[in-house]
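Here's the structure we're looking at; comments come further down.
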Amino acid sequence: MEDGLVKNYKSKEFGNYDVYVKTVDDIKILYTKKDFDSVEKVIECLNNMPEQTKSNLKEIELLPKKSRGNVAGVTNYDKITLYGLSKYDESTIENIVYHEVAHTWAYELIREKILDFSYSTYRDVVEEDDNFVSNYSKKAIKKSSDYSEDFAESVAFYLMDTERFESKYTARAEFLNSILETTSLFLISKYSLY
């Protein structure tokens with residue numbers, strides 16, 4: 001698919017909007033005119049992320065409307081849908097993009113058996129830090145013992161301000177640094193010619 005206007009693109013999600021596409025590192029980004037400015041910020045975020053964090057990401061949809069659940073983004077394995085990005089400031093867009101990409105990365109980490117499906121090893125790290133990275137992650141943990149949201153929030157905050165994150169969440173930072181190092185070595189060996 002060529003970058004630019006996608007002729008006759010039919011999608012229930014996009015409705016009657018004209019749909020455009022940009023491709024960055026084999027990641028297809030679909031968007032409307034309403035998100036022309038937002039798509040540049042999404043691309044900037046992708047370009048600033050370590051390669052391994054994007055290894056499972058294939059597609060991002062930027063929908064110009066709110067979601068039914070009033071969430072900013074939804075991840076479905078290797079596809080992310082972001083809702084109404086044009087209404088957010090740049091810092092919030094950065095947080096949303098990093099958070100949702102972290103979910104796609106988590107699927108890859110689970111598939112590669114680096115992270116377990118129940119996040120039990122990560123749960124131990126959270127308990128060692130003995131604090132929450134956000135009210136959103138706190139709610140997910142307290143309500144349903146869901147550590148996937150804390151993982152995604154942690155990755156987002158780590159990428160946004162690594163030094164600050166490392167000083168506030170030492171155990172999580174060590175865990176993320178370890179995974180980034182491990183997956184970097186995995187990518188090198190996976191694609192090496194030797």
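Please list, in chain and number order, the residues 5+ apart from residue 61 or on another chain whose amide H is under 5 Å from its amide H, with Hs placed from the backbone.
Close amide H contacts, sequence-distant or interchain: 30, 80, 81, 82.
Filter the chymotrypsin sites (Phe, Trp or Tyr not before Pro) in region 26-79 down to the DSSP loop ones having no more than 14 other Cβ atoms within 10 Å, then list what survives.
Values: sites: 31, 36, 77; in loops: 77.
In loop regions of region 26-79 (DSSP not H, G, I, E or B), the sparsely surrounded chymotrypsin sites (Phe, Trp or Tyr not before Pro) are 77.
So, with +1 on the Cβ of K and R and -1 on the Cβ of D and E, and no other charges, what is the size of the charge dipole of region 1-71 about its Cα centre, to the nearest 20 debye?
Numbers: 13 positive and 13 negative charges, 103 e Å.
It works out to roughly 500 debye.
List the lysines whose alpha-carbon lies under 16 Å from that of residue 7, not counting same-chain residues fewer than 8 positions away?
Filter leaves 22, 28, 33.
Heavy atoms only, 1.4 Å probe, whole protein assembly: order 183, 92 by accessible area, highest first. Could you put the intermediate results ahead of the total?
Numbers: 183 10, 92 50 Å².
Ranking 183, 92 by accessible area, largest first, yields 92, 183.
At 10 °C and 1.306 mPa s, what whole-number value in µm²/s does Stokes-Einstein give for the translational diffusion of region 13-126, with Rh from the Kirkwood sum over Cα pairs? All intermediate terms of the calculation are to be shown ahead of the outcome.
Numbers: Rh = 14.6 Å.
So the translational diffusion coefficient is about 108 µm²/s.
Can you give me the solvent accessible area of residue 124 with a 1.4 Å probe, rounded to the nearest 10 Å²?
Per-residue accessible area (residue 124): approximately 90 Å².
Sort 119, 88 by heavy-atom solvent-accessible area, probe 1.4 angstrom, most to least. Can you show the working numbers first?
Numbers: 119 20, 88 70 Å².
Order by accessible area, largest first: 88, 119.
What are the ³J(HN,Hα) couplings of region 36-51, residue after residue, when phi is run through the Karplus curve with 6.51, -1.76, 1.60 and θ = phi - 60°? Round to Hz, x for glycine and proline.
Going residue by residue, I get 3, 6, 5, 5, 5, 5, 4, 5, 4, 4, 4, 5, 8, 8, x, 3 Hz, with x marking Gly and Pro.
So, for region 1-132, what is the accessible surface per residue at a probe of 1.4 Å, expressed in square angstrom? Intermediate results must be reported in sequence, preceding the final value.
On the way: 7130 Å² over 132 residues.
It amounts to 54 Å² per residue over region 1-132.
Starting from the residue with the highest accessible area, list 129, 89 in decreasing order, probe 1.4 Å. Don't skip to the end; give the middle numbers.
Working: 129 25, 89 90 Å².
These residues rank, largest area first, as 89, 129.
Quick one: compute the contact order of the chain, relative version, from alpha carbon pairs under 8 angstrom and 6+ residues apart, as a percent.
15 percent
Please give the calculated 222 nm ellipticity per residue for the chain, where each DSSP H segment of at least 4 residues contributes -39500 (n - 2.57) and the sum is spread over every residue; nearest 500 deg cm²/dmol? Mind dumping the intermediate values first?
Numbers: 7 runs with 97 residues, N = 194.
That comes out to -16000 deg cm²/dmol.
Compute the Rg/Rh shape ratio of region 78-153: radius of gyration over Kirkwood radius, all on alpha-carbon atoms.
Working: Rg = 13.3 Å, Rh = 13.4 Å.
That ratio equals 1.00.
How much length is gained on full extension from residue 23 to residue 113, taking 0.36 nm per residue of separation minus their Cα-Cα distance?
Details: separation 90, 0.36 × 90 = 32.40 nm, distance 2.91 nm.
Taking residue 23 through residue 113 to full extension adds about 29.5 nm, to one decimal.
Got a sec to turn the phi values of region 84-93 into Karplus ³J(HN,Hα) couplings, 6.51 cos²θ - 1.76 cosθ + 1.60 with θ = phi - 60°, whole Hz, x for Gly and Pro?
x, 4, 4, 8, 9, 7, 4, 5, 5, 4
Over the chain, what percent of the accessible surface lies on carbon and sulfur atoms, probe 1.4 Å? Write out the running numbers ahead of the final one.
Details: 5090 of 10900 Å².
Carbon and sulfur: 47 percent of the exposed surface of the chain.
Nearest 10 degrees, 0 to 90: what angle lies between the long axis of helix 135-144 and the longest principal axis of the chain (Cα atoms)?
Taking the Cα atoms of the chain, the angle to 135-144 is about 70 degrees.
Can you find, among 92, 30, 180, the residue sitting farthest towards the positive end of the charge dipole of the chain, where Lys and Arg contribute +1 and Asp and Glu -1 at Cβ?
30
What are the residues whose amide H is under 5 Å from the amide H of residue 24, where those residues sit 5 or more places off or on another chain and H is modelled from the backbone?
Correct list: 29.
Considering every Cα-Cα pair within the chain, what fraction, in whole percent, is farther apart than 20 Å? Spell out each step's value before the answer.
Values: 10525 of 18721 pairs.
Above the 20 Å cut-off, the chain has 56 percent of its Cα pairs.
The values are calculated or read from the model by the stated rules, or taken from the named source; none is laboratory data. Quick caveat, the model's predicted, so the values are computed rather than measured. Backbone-built Cβ (ideal geometry, glycine too); neighbour counts: all protein chains shown. For the accessible areas, the whole protein counts, side chains as well, though only heavy atoms, and no ligand, DNA or RNA atoms are used. Shrake-Rupley method; radii C 1.70, N 1.55, O 1.52, S 1.80 Å.
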